[in-house]
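Reading through the structure tokens given below for one structure.
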Amino acid sequence: MFPKGFYWGTATASYQIEGAWNEDGKGESIWDRFAHTPGKIKNGDTGDVACDSYHRWREDIALMRAMNLNSYRFSMAWPRIQPSGSGAANAKGIDYYSRLVDGLLEARIRPFVTLYHWDLPQALDDAGGWLTRDTADRFAEYVDLMARALGDRVTDWMLFNEPSVFTYSGYLIGEHAPGHKSLVDFLRASHVVNLAQGAGFRALKAARPTARVGTAFNMSACEPATTSEEDKLAAERAHAITNTWFLEPALRGRYPDALAFLPETAMRIQSGDMEKTRVPLDFIGINLYYRTIASAPGTIERVAHAQEWLFPVNMDGGQQGPKTDIGWEVWPKAMYDMVMRITRDYNRPVIEITESGCSYNDGPNASGVIRDSRRIEYHREHLAAVARAMADGADVRGYHAWSLLDNFEWAEGYSQSFGLTYVDFKTQQRTIKDSGRWYAKVAAENWVGAS
Ligand code: FCB
């Protein structure tokens, strides 16, 4: 049994579901620009229309009601609020989120808001994006606007979604917007994001002192490939770069030991910065999909590449468990291990599982039913892992399945379906999958049931 009041939710993100990319005064985001650039997204897909949730949010709330959910994690598109990244709020953008929040509260669903799920105003990227410290100040300004506009009704906020993914994929490997491929850019961007996390936290608390504020971190239990000391050290470094690169600066005012040394000058760390990054997050959001296997590269590899010299770790997914359609190994124990490690290392903080889920592209059968039994197994096993961690002392308050709907999966376009609800993208018709029906029962009974 899960405790009374446990939050059963789903998660989505603005660019992945809203569509209406240029309606009601919304400005261009880096994801609009990136998706409109030929060759960046599988099949040339874009989020221009996506699930059309900008217009169909009432239907989406009805789906959540049908699933007996009491929490909805969604994000706000910064360029709907500040089309060019600064200045006064666009009233129509605020109205959209305000109506959504009211609709959720009416349905007795907690609005659980992510302030930044990757859609930076393009105008800010033109001015340097996450490479320039000014963006941290702009972010705090935007957070202040949202806290004032919605903080009378929204109490639980996340500043960022997966800071290490959008800095790594956006600045180091170039697979996400804004598409840079540079180690130095990754390092600089991560420091600016850490400064923004501190500034955003303070702005939110200044406007709404009783708000609960955290971040949704992508996490992955990092295991050494062998029992050698080198691989064990590599696994600790993998843990530091993947799981705590944006958490330690907040909770302890320091960077964790991920790198062979901390390149402070290249990262443009200034004196006094680590006091600015330090903020007592009220909860730690965990997004977890898979584990990581870490090993140490050999000497030749290390001297041949600047990146491996600085970060001497090879990271791979595990190969023992079954794979989902996107190729990620299903390994529920990673959920237990990660929640327990955070519980131990940070003195039993409040944890929210802000995302977990799987891509299986099962569609409707002849009678229109979506029999996605593998998704049911995925969530059942991950929830059992959460329950076990809670029995062992972890303070977990909620679980948010990624995702409410099949949606735009970043560089994969619409080729990967994570939803508890099937979306026919030609008609926008939504059909709750078997997994959604199962989840409804879990939420109503507060219990995962027998398999
Ligand atoms: C996470 C993202 C989310 C979604 C899932 C599958 O990394 O936060 O937007 O794409 O993966």
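The values are calculated or read from the model by the stated rules, or taken from the named source; none is laboratory data. On a predicted model such as this, the values are computed, not experimentally measured, just so you know. Don't worry about glycine lacking a Cβ; one is built from the backbone with ideal geometry, like all the others, and counts go over all protein chains shown. Ligands, DNA and RNA are stripped out before the accessible areas are found, and what is left, the full protein with its side chains, is counted by its heavy atoms. Shrake-Rupley method; radii C 1.70, N 1.55, O 1.52, S 1.80 Å.
Each residue in the range 367-388 was checked for being closer than 25 Å to I109 by Cα and either within 14 Å of the ligand (Cβ to nearest atom) or open to solvent by less than 20 Å² (accessible area, probe 1.4 Å) (or both), and 7 pass.
Being among the aliphatic types (A, V, I, L, M), under 25 Å from V423 (Cβ atoms) and in contact (Cβ under 8 Å) with a residue 24 or more places away in the chain narrows it down to one of V313, V369, so name that one. Please lay out each step first, then the result.
Working: V313 fails: under 25 Å from V423 (Cβ atoms).
Criteria check complete, one pass: V369.
Among the candidates V165, V193, V184, single out the residue that is open to solvent by 10 Å² or more (accessible area, probe 1.4 Å), within 16 Å of the ligand (Cβ to nearest atom) and among the β-branched types (V, I, T). Testing whether each residue is open to solvent by 10 Å² or more (accessible area, probe 1.4 Å), within 16 Å of the ligand (Cβ to nearest atom) and among the β-branched types (V, I, T) leaves just V165.
Which one is surrounded by the most Cβ atoms within 10 Å (Cβ to Cβ), of the residues in the range 9-29 that are of a type outside the set (D, E) and over 17 Å from the mean Cα position of the chain (by Cα)? Let's see the steps before the verdict.
Step one: list which residues in the range 9-29 are of a type outside the set (D, E), which gives 9-17, 19-22, 25-27, 29.
After this cut, where a residue has to be over 17 Å from the mean Cα position of the chain (by Cα) as well, the list is 19-22, 25-27, 29.
Numbers: G19: 21, A20: 18, W21: 24, N22: 12, G25: 13, K26: 25, G27: 23, S29: 28.
Among them, the one singled out is S29.
From the list A240, A296, the lone residue that is more than 24 Å from R397 (Cβ to Cβ), among the small types (G, A, S), modelled with pLDDT of 95 or more and open to solvent by less than 30 Å² (accessible area, probe 1.4 Å) is A240.
Listed by position, the helices (runs of 4 or more DSSP H) contained in the range 1-95 that have at least 1 residues being more than 16 Å from the ligand (Cβ to nearest atom) and of a type outside the set (G, A, S) are 30-35, 53-66, 78-81.
Condition first: over 16 Å from G419 (Cβ atoms), open to solvent by less than 60 Å² (accessible area, probe 1.4 Å) and away from the ligand (no atom under 16 Å from the Cβ). Now tell me which residues in the range 342-366 satisfy that. Even if it seems obvious, please write down each step before you answer.
Taking the range 342-366 as the starting set, the residues that turn out to be over 16 Å from G419 (Cβ atoms) are 342-354, 365-366.
When the remaining residues are screened for being open to solvent by less than 60 Å² (accessible area, probe 1.4 Å), the result is 342-343, 345-346, 349-354.
I342, T343, D345, Y346, P349, V350, I351, listed by residue number.
Can you spot a residue in the range 301-316 that is touching a Ser or Thr at 6+ places or on another chain (Cβ under 8 Å) and assigned to a helix (DSSP H, G or I)? No - not one qualifying residue is present in the range 301-316. Evaluated against (1) assigned to a helix (DSSP H, G or I); (2) free of Cβ contacts under 8 Å to residues at least 12 places away in the same chain; (3) more than 20 Å from W402 (Cα to Cα); (4) of a type outside the set (V, I, T), F139 falls short on exactly one condition, (2). Counting the residues of the range 207-220 that are in a loop (DSSP other than H, G, I, E, B), open to solvent by 10 Å² or more (accessible area, probe 1.4 Å) and not polar (S, T, N, Q) gives 2.
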